[in-house]
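Here is the structure we will look at.
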Amino acid sequence: MTQRSGVAASWFTGQNPLEGKKAMDRADDANECIIRHRLEVYQRDTARVLKYYPMERIVKIDALRSPVEVLDQILDVMISLLSRRQARSPRI
């Protein structure tokens, strides 16, 4: 396992590899003002990008689940998309 994959694996288990504690226990995650600011930035800068994509290309991911479950859901979507693309591609 490389250093990079070790960091990624520890993030998905909720552990901060540099501090040896849960990443979800960050003090700023409990600060309502910071959370509200993050949501405002999302609405202002990120959410509006969705209007440029057809609805059938937008997939909702349940981000309230554990990081491993979120990753699993993302991978399921990506694998499905890749499988469909490969099925449409002519074989060379």
Subject >> Inter-label distance, nm, simple model (7 Å from Cα along the C-beta direction), Ala87/Tyr53 >> reply: 2.1
Subject >> In Hz, Karplus ³J(HN,Hα) per residue of the range 57-74 (6.51, -1.76, 1.60; θ = phi - 60°; x = Gly, Pro) >> reply: 9, 9, 10, 8, 10, 7, 7, 7, 7, 5, x, 5, 5, 5, 4, 4, 5, 4
Subject >> Calculated FRET value between Ile61 and Ile34, using beta carbons and R₀ = 22 Å, to 0.05 >> reply: 0.50
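No lab work stands behind these numbers, since they all come straight from the coordinates. Note that the structure is predicted; figures quoted are calculated from it, not measured. Here the Cβ is made from the backbone with ideal geometry for all residues, glycine too, and neighbour counts use every protein chain on show.
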